[in-house]
Amino acid sequence: MDFEIPIVLAKYLAELDDFIEREIRPLEEQNDNIRFFDHRREDARTDWERGGLPNEAWEALLAEARRRADAAGHYRYAAPREFGGKDGSNLDMAVIREHLAVKGLGLHNDLQTEHSIVGNNVGLLLMSIYGTEEQKAEWIDDLAEGRRGFAFGITEPAHGSDATYMETSAYRDGDEWVINGEKTWNTGIHKAKYDMIMARTSGEAGDGMGITAFLTPTDSPGFKIEEMLWTFNMPTDHGHISLTDVRVPHSSIFGGEGRGLQIVQHFFNENRIRQAASSLGAAQFCVNESVQYAQERKPFGKALASNQGIQFPLVELQTQCEMLRALVHKTAWLMDKYGAFSQSDKVSMCNYWSNRLCCEAADRAMQVHGGLGYSRHKPFEHIYRHHRRYRITEGAEEIQMRRVAGYMFGYMKQRAPKGVQED
C-alpha cells in the first residue's frame with residue numbers, strides 16, 4: 001500500500017498554489033475586496049436592504065474568480081475531458097479540497113458558498129451521466145463554464161431525511177406534467193433559473209422507485225418563492241418555494257421517469273466525500289493556527305504552548321485529523337475503483353465525523369486564542385457557523401450513523417436504495 005500523494009497530483013497542487021498567488025490573491029486585495037474576508041465579511045456579503053440576500057458585488061467577485069480559474073484550466077478539473085475537464089477523480093478532489101481549505105478563508109476557496117477555483121460542479125457530473133442528449137446539448141457548456149446551474153428541490157417543510165415520503169407530486173397531462181407541492185432549503189434559488197424538483201409520480205410513500213426529477217423553470221406560472229430563510233450563517237440563499245399546478249414538458253424529466261432517487265443518492269455520495277475533505281481541511285487550519293498562536297503568545301512570561309492544558313486538546317484534534325485523512329483518502333480511492341455507491345457506509349463515516357471534528361477544532365481555536373478568537377477578527381467563528389450546518393444539511397449525523405449501522409448489522413447492503421438501480 002502506498003500512502004504518498006501521487007506525483008502528478010502533488011505537482012498540480014503546486015500549480016494551484018502558484019495560480020492563487022499570481023491571479024487570485026491580487027484580485028482578493030484590490031478595491032477593498034478583502035472586506036469580504038476580514039472582520040467585515042458577514043456584513044459585506046449580505047444585502048440587508050434586499051432581505052438578507054447575497055450582495056451583488058460579492059457574487060460578482062466570486063464569478064470573476066471562477067472565470068479566471070476556468071481560463072487557466074482549473075475550474076473544470078473534475079469534469080470529463082470531453083467537457084473541457086481533466087477527469088479528476090474522487091481521490092484527486094478530496095486531496096485538492098482539503099489542500100485549499102487548509103489555507104483558510106479566501107477567494108481561492110470560500111467555504112460558506114462552496115465556491116472554489118477547482119469547481120465542485122456536481123451538476124455537471126450528473127448532467128453528463130443522467131441527461132438526455134437534448135439536455136446535454138442545452139446545459140453542458142453553461143454548467144461547465146459556471147454560467148448557470150440549477151437548484152435542488154429535495155427537502156420539504158415536513159420531510160427532510162425521509163425523502164421517499166415527500167408530498168410533492170406530479171401527474172401527466174398529455175405531453176406535460178403538472179407539479180404541486182412545496183420545497184424548502186433550496187440553496188441558490190435566489191439566482192437559479194431552474195430548480196430540479198423531486199416529485200412522486202407513482203408508487204407509495206417510502207418506495208424507492210416512483211420519484212421523478214423535473215428540471216423546472218423558476219419563472220413558471222405557479223412557481224413561487226415564499227420566503228428566504230435566515231440562518232446562523234448569513235447571507236441567505238436558501239429559499240422556501242411552492243408549486244401550484246406548475247406545468248413542465250415531458251422533456252424536462254431528468255434521469256428517467258420514476259428514477260429520481262438514484263440521482264439524489266449519486267449527488268449525495270459524490271458531494272459528501274468532497275465536503276468531508278473540506279471540513280477536514282478547515283479543521284486542520286484551526287489546529288495549525290492554534291499551534292502557531294500558542295507558540296507566540298506568552299502570558300505570565302511563558303508561551304501558551306508550554307501548558308499541557310493547551311497541548312493535549314490540540315494533540316487529540318491533530319490525531320483525529322490524521323486518522324480521518326486516511327479514511328477520506330481510502331474511501332475516495334475505493335469510490336474511484338468500485339463506483340459511487342460502493343462505499344456508502346464509509347462516505348457516511350467520513351462525512352459525519354469530519355463535520356463534527358471541524359466544529360470541535362473551531363471551538364478549540366477560539367478557546368486557545370481567547371477573546372480575539374471569539375471576535376470576528378479571527379476566522380474561527382465564521383468556520384464554526386458554516387460547518388455547523390453540515391451536521392444537519394449533509395444528512396444529519398444521526399442519519400449518517402444509522403446508515404453505517406444498517407451496513408454493520410446487515411439491514412442494508414452496499415448498493416443504491418431499494419428499487420433504485422446501482423451505479
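The values are calculated or read from the model by the stated rules, or taken from the named source; none is laboratory data. Note that this is a predicted model, so its numbers are computed, not measured. Cβ atoms come from the backbone with ideal geometry, glycine included; neighbour counts cover every protein chain shown. Just the protein is used for accessible areas: all its heavy atoms, side chains included, with ligands, DNA and RNA removed. Shrake-Rupley method; radii C 1.70, N 1.55, O 1.52, S 1.80 Å.
Restricted to segment 354-389, and to residues there that are touching a residue at least 40 places away in the same chain (Cβ under 8 Å) and among the hydrophobic types (A, V, I, L, M, F, W, C), the residue that is surrounded by the fewest Cβ atoms within 10 Å (Cβ to Cβ) is VAL368. Only residues that are of a type outside the set (Asp, Glu), in a helix (DSSP H, G or I) and over 19 Å from the mean Cα position of the chain (by Cα) were counted in segment 68-82, giving 3. For the structure I just gave you, tell me whether GLY85 is open to solvent by less than 40 Å² (accessible area, probe 1.4 Å), in contact with a helix residue (DSSP H, G or I) (Cβ under 7 Å, 6 or more places away or on another chain) and either part of a loop (DSSP other than H, G, I, E, B) or not aliphatic (A, V, I, L, M) (or both). Against the criterion (open to solvent by less than 40 Å² (accessible area, probe 1.4 Å), in contact with a helix residue (DSSP H, G or I) (Cβ under 7 Å, 6 or more places away or on another chain) and either part of a loop (DSSP other than H, G, I, E, B) or not aliphatic (A, V, I, L, M) (or both)), GLY85 does not qualify.
Kindly establish whether ALA205 is open to solvent by 30 Å² or more (accessible area, probe 1.4 Å), at pLDDT below 95 and in a loop (DSSP other than H, G, I, E, B). Yes: the conditions hold for ALA205. For segment 95-125, filtering for residues that are of a type in the set (Lys, Arg) and part of a helix (DSSP H, G or I) leaves 1. Condition first: open to solvent by 30 Å² or more (accessible area, probe 1.4 Å) and in a helix (DSSP H, G or I). Now tell me which residues in segment 276-304 satisfy that. Passing the criteria: ASN288, GLU289, VAL291, GLN292, TYR293, GLN295, GLU296, PRO299, PHE300, GLY301. Would you say ALA63 is within 26 Å of SER128 (Cα to Cα) and either open to solvent by less than 20 Å² (accessible area, probe 1.4 Å) or not in a helix (DSSP H, G or I) (or both)? Considered against the rule, which asks whether it is within 26 Å of SER128 (Cα to Cα) and either open to solvent by less than 20 Å² (accessible area, probe 1.4 Å) or not in a helix (DSSP H, G or I) (or both), ALA63 comes out as no. The condition of being open to solvent by 10 Å² or more (accessible area, probe 1.4 Å) and in contact with a helix residue (DSSP H, G or I) (Cβ under 6 Å, 6 or more places away or on another chain) holds for only one of PHE223, PHE268, PHE232, that being PHE232.
For segment 242-254, the set of residues classified as crowded, with 24+ Cβ neighbours inside 10 Å and touching a helix residue (DSSP H, G or I) at 6+ places or on another chain (Cβ under 8 Å) consists of PHE254 only.
Within segment 126-154, the set of residues being crowded, with 21+ Cβ neighbours inside 10 Å and part of a loop (DSSP other than H, G, I, E, B) comprises just one member, ILE154.
Given the condition open to solvent by 50 Å² or more (accessible area, probe 1.4 Å) and in a helix (DSSP H, G or I), answer yes or no: does some residue in segment 33-42 qualify? Among the residues of segment 33-42, at least one is open to solvent by 50 Å² or more (accessible area, probe 1.4 Å) and in a helix (DSSP H, G or I), which makes the answer yes. Across segment 160-188, the qualifying residues are those that are among the small types (Gly, Ala, Ser), open to solvent by less than 70 Å² (accessible area, probe 1.4 Å) and outside any strand (DSSP E or B), and the one among them that is farthest from GLU397 (Cα to Cα) is GLY174. Looking at VAL347 and the list (1) open to solvent by 30 Å² or more (accessible area, probe 1.4 Å); (2) in a helix (DSSP H, G or I), which single condition is not satisfied? For VAL347, the exception is condition (1).
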